[in-house]
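Inspection log for the structure reproduced underneath, given as structure tokens.
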Amino acid sequence: MKDTQQATLKNIKYQEAGKFEDTRFEKIHNVIFSNSNIASKTVAREIADLILRKQKERKKCVLGLATGSSPIKVYEELVRMHKEEGLSFSNVITFNLDEYYPMDKSNIQSYFYFMHEHLFNHVDILPENVHIPNGTVTSSELHQYCIEYENMIEENGGIDLQLLGIGRTGHIGFNEPGSHFNSETRSITLDYITRADAASAFLGIDNVPKKAITMGIRTVRKAKRIILLAWGHNKSLVIKKTIEGEVSSKVPATYLQHHKNTTFVLDAEAASELTRINTPWLVGPCIWDDKLSSKAIIWLCQKTGKSILKLIDEDYNDNGMSSLLAEEGSSYDLNIKMFNKVQHTITGWPGGKPNADDTSRPERAIPTKKRVLIFSPHPDDDVISMGGTFDRLVSQGHEVHIAYQTSGNIAVSDYEALKFAEVSKEMNCNKDDTFISTIIEQIKSKKENVIDTIEVRKLKGLIRKRESLAATRYLGVPDENVHFLNLPFYETGSIKKNPLGKEDIKIMCKIIEDIKPHQIYAAGDLADPHGTHRVSLNALFESLAVLKSKSFMNDCWVWLYKGAWQEWEIHEIDMAVPMSPDQVLKKRKAIFFHQSQKDGVMFQGSDIREFWMRAEDRNTKTAEKYKELGLADYAAIEAFVRWHY
């Protein structure tokens, strides 16, 4: 008899999809939700139902739990159900997947701290029923400790439901590439990518432990039920490999293909590379709208290595697109239509070209001088992601305003802050300056992974502010047009942010209403559902919903740019702004003004290049893609998608 919770998830899958999909490419059952909030609540309900069923049977409920950003909303919902619906955890026994090693329980980066902060401190679970690998075990005792951890799971009857996340290496728990199918609880050396992904939480990769204690693959596979969570575009490639690829130690999560009661719970971004989502014409019949047709034709060009106008009927027929060809009549007609569509996205006038027919242009010609509001989540995203377009808007006479949504203070290193503090003290001729002296002492005496004091955070915020003003002055924006919003959700001093609040939305609404922009530019980076970019974008969306009825909003268009790591796909782009070699150089210089984020930036990610290098590479590749499609050859291109509210 199938588990009732699994059946429920299958029903949800078909409801969201609207029909039964051909999933012959897929080897693991998966459910796709429109967003991670809805998905998390559904998973929390399954866990709660299991706890309640076990309570009725007077049995203990053994849960395997995960950490990281993916399960946070699940834990929040479980806490809500405990407080508002009376869900009791008195019969629950938990075993966490892993812990950094070495790691003290009191460290705010420990998974012991994480689990108590997000779940255990807020429910009625018995302390003796909580099991988290001990990161303080001595190296001589570690092997035996892992055996005993494994034995404790067995003694409690095994895990009833195991919650998992997935790393970009394909790890589950900390079972990195190379992990054996039959591995059990043990110590392991962390992959560089895993440590790079954790670097932001530790304020730099150098602070991330190189080892961990983790349940093994065999330990995980013995769970009666497994639910794996994945949110965001940055998980999409590893999700595709795991669900559709061959079982391999190179992607340890593929071992779950052999588990008979596993469900992957995904948001739309994490599922975006699955064959039935990304290239549905390879799976079965499609309903061809303009969006899907554009995506398919661009894909066909990339697959065949041909430009748009060189595609022939055979290319369409041989690649699952015969029905599209039949609808349009000929490849010639399809090609011309697509070529014109892509060509019309290109413009050197991002604010609209004056005295020109704007029928086929991305932006309106009127008004010729527009009020432009550029939202930048951090105090450098504006120049990194759209520095060339920024420069064009200013040089073409538009009234450009910049609104930095957060202070960006946690991205300033201690040694950078200390440098500025010491310069300030010396400029004061070493006179008695208690405030600066206090800051210097606080920085020098700061312990590892401790949140900065308010004074230090203020200094770091000022560093980011002055760097931003240097860059905007270089690009010709008056200081009175540069706005530092310092949204409260960000000001926690740590990676973990507060939820968006009324004050955040109030600040956002005020700047929009004060300027009454004809254009808004904002970061549309959706890779991380809990990241600053995503929260900043949600702040904009919520503010626009509040202001939608205002008359000035009828003339306001919203353009979304991507962050430093990604670019829009060609079929998604509504406006492509080309840059000359001189403009590329000017953008680079504008980025250089953000000196605290250069030469050893704290949140490097998996790409060790500096931000200006990443930006230039991305812009160059976008231009190359346009050229390969048969369009004009530019040095670089910045891309935007129009968002309709």
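Per the Kirkwood definition applied to all pairs of different Cα atoms, how many angstroms is the hydrodynamic radius of region 393-517?
Details: mean 1/r = 0.0607 Å⁻¹.
After inverting the pairwise mean of 1/r, the radius is 16.5 Å.
For region 77-94, in order, what is each residue's ³J(HN,Hα) by Karplus, 6.51 cos²θ - 1.76 cosθ + 1.60 with θ = phi - 60°, in whole Hz (x at glycine and Pro)?
For region 77-94, the Karplus-derived couplings read 5, 5, 5, 4, 5, 5, 7, 9, 10, x, 4, 9, 10, 5, 9, 8, 10, 10 Hz, x marking Gly and Pro.
Place a +1 charge on the Cβ of each Lys and Arg in the chain and a -1 charge on the Cβ of each Asp and Glu, then give the dipole magnitude about the Cα centre in debye, rounded to the nearest 20.
Numbers: 83 positive and 87 negative charges, 106 e Å.
Charge dipole, the chain, about its Cα centre: 500 debye, nearest 20.
At what distance in angstrom do the alpha carbon centres of region 361-377 and region 465-542 lie from each other?
18
Find me the longest stretch of the chain that has none of the exposed GluC sites (Glu not before Pro), where exposed means in a DSSP loop (not H, G, I, E or B) with at most 10 other Cβ atoms within 10 Å. Write down the numbers at each step before the final one.
Details: sites that count: 57, 246, 448.
Free of exposed loop sites, the longest segment is 247-447.
Quick one: divide the alpha-carbon radius of gyration of the chain by 2.2 N^0.38 Å and tell me what you get. Working shown, then result.
Values: Rg = 26.5 Å, N = 645, 2.2 N^0.38 = 25.7 Å.
So the Cα radius of gyration is 1.03 times the expected 2.2 N^0.38 Å.
Over region 174-315, what portion of Cα pair distances is larger than 25 Å, expressed as a whole percent? Spell out each step's value before the answer.
Numbers: 4480 of 10011 pairs.
Result for the distance tail: 45 percent.
Convex hull over the alpha-carbon atoms of region 231-305: what's its volume per residue in Å³?
128
For the chain, what is the accessible area per residue in Å² when the probe is 1.4 Å?
Values: 28140 Å² over 645 residues.
With all protein chains present, the chain gives 44 Å² per residue.
Please state the Cα pair-distance histogram of region 394-452 with 10 angstrom bins from zero: what percent is in each bin?
Here the calculated profile for region 394-452 is 18, 36, 22, 15, 9.
Could you grab the relative contact order for the chain? Cα pairs under 8 Å, six or more apart, rounded to a whole percent.
Details: 1132 pairs, mean separation 80.3, N = 645.
After rounding, I find 12 percent.
When DSSP beta bridges are limited to those with both residues in the chain, what percentage is antiparallel, rounded to the nearest 5? Can you show the working numbers first?
Details: 18 of 57 bridges.
Bridges in the chain that DSSP calls antiparallel: roughly 30 percent.
Skipping prolines and chain starts, which residues have an amide H placed within reach, meaning under 5 Å, of the one on residue 374, given they are 5 or more residues away or on another chain?
Amide H neighbours of residue 374: 401, 402, 403, 521.
Taking N as the number of residues in region 66-151, what is its alpha-carbon radius of gyration divided by 2.2 N^0.38 Å? Before the final figure, lay out the partial values.
Working: Rg = 13.9 Å, N = 86, 2.2 N^0.38 = 12.0 Å.
Normalised Rg, Cα atoms only: 1.17.
Give me the three principal axis extents of region 280-437 from the C-alpha atoms, as integers in angstrom, largest value leading.
Principal-axis extents of the Cα atoms in region 280-437, largest first: 82, 43, 25 Å.
Considering only 405, 494, 40, whose Cα is most displaced toward the positive end of the charge dipole of the chain, charges sitting on Cβ of Lys, Arg (+1) and Asp, Glu (-1)?
Positive-most Cα among the choices belongs to 40.
Report, please, the projected area of region 457-505 averaged over directions, based on the convex hull of its C-alpha atoms, in nm².
Dividing the Cα hull surface by four gives the mean projection, 4.2 nm².
Answer rounded, prolate or oblate for region 103-230, using the Cα gyration tensor with square roots of eigenvalues a ≥ b ≥ c: rounded when a/c is under 1.5, else prolate when a/b is larger than b/c, else oblate.
On the way: a/c = 1.32, a/b = 1.14, b/c = 1.16.
Rounded is the answer for region 103-230, as its axis ratio a/c remains below 1.5.
Taking 21 Å as the cut-off for C-alpha to C-alpha distance, list the pairs among 210/598; 73/240; 241/303; 353/550 that go past it. Don't jump to the answer; show the numbers that get you there.
Working: 210/598 25 Å; 73/240 23 Å; 241/303 19 Å; 353/550 26 Å.
Among 210/598; 73/240; 241/303; 353/550, the Cα-Cα distance tops 21 Å for 210/598; 73/240; 353/550.
Tabulate in residue order the Karplus-calculated ³J(HN,Hα) for region 130-140, using 6.51 cos²θ - 1.76 cosθ + 1.60 with θ = phi - 60°, rounded to whole Hz; enter x for Gly and Pro.
Coupling constants for region 130-140: 9, 10, 10, x, 8, x, 10, 4, 5, 4, 6 Hz.
Under a plain spin-label model, where a point goes 7 Å from the Cα along Cα-to-Cβ, how far apart in nm are residue 246 and residue 85?
Going by the 7 Å Cα→Cβ label model, 4.4 nm.
Rounded to whole Å, give me the distance from the Cα center of region 406-448 to that of region 341-360.
49
Excluding residues on the same chain fewer than 8 positions from residue 444, give the lysines whose Cα lies under 18 Å from its Cα.
419, 425, 458, 460
Is there a quick way to get the dipole size of region 165-222? I mean about its Cα centre, with the Cβ of Lys and Arg at +1 and of Asp and Glu at -1; what is the value in debye to the nearest 20?
On the way: 8 positive and 5 negative charges, 49 e Å.
Here the size comes out at about 240 debye.
The values are calculated or read from the model by the stated rules, or taken from the named source; none is laboratory data. As the structure is a prediction and not an experimental result, all values here were calculated from the model. So basically every Cβ, Gly included, is an ideal-geometry build from the backbone, and we count neighbours across all protein chains shown. Accessible surface is based on the protein model in full, side chains and every heavy atom, while ligands, DNA and RNA are left aside. Shrake-Rupley method; radii C 1.70, N 1.55, O 1.52, S 1.80 Å.
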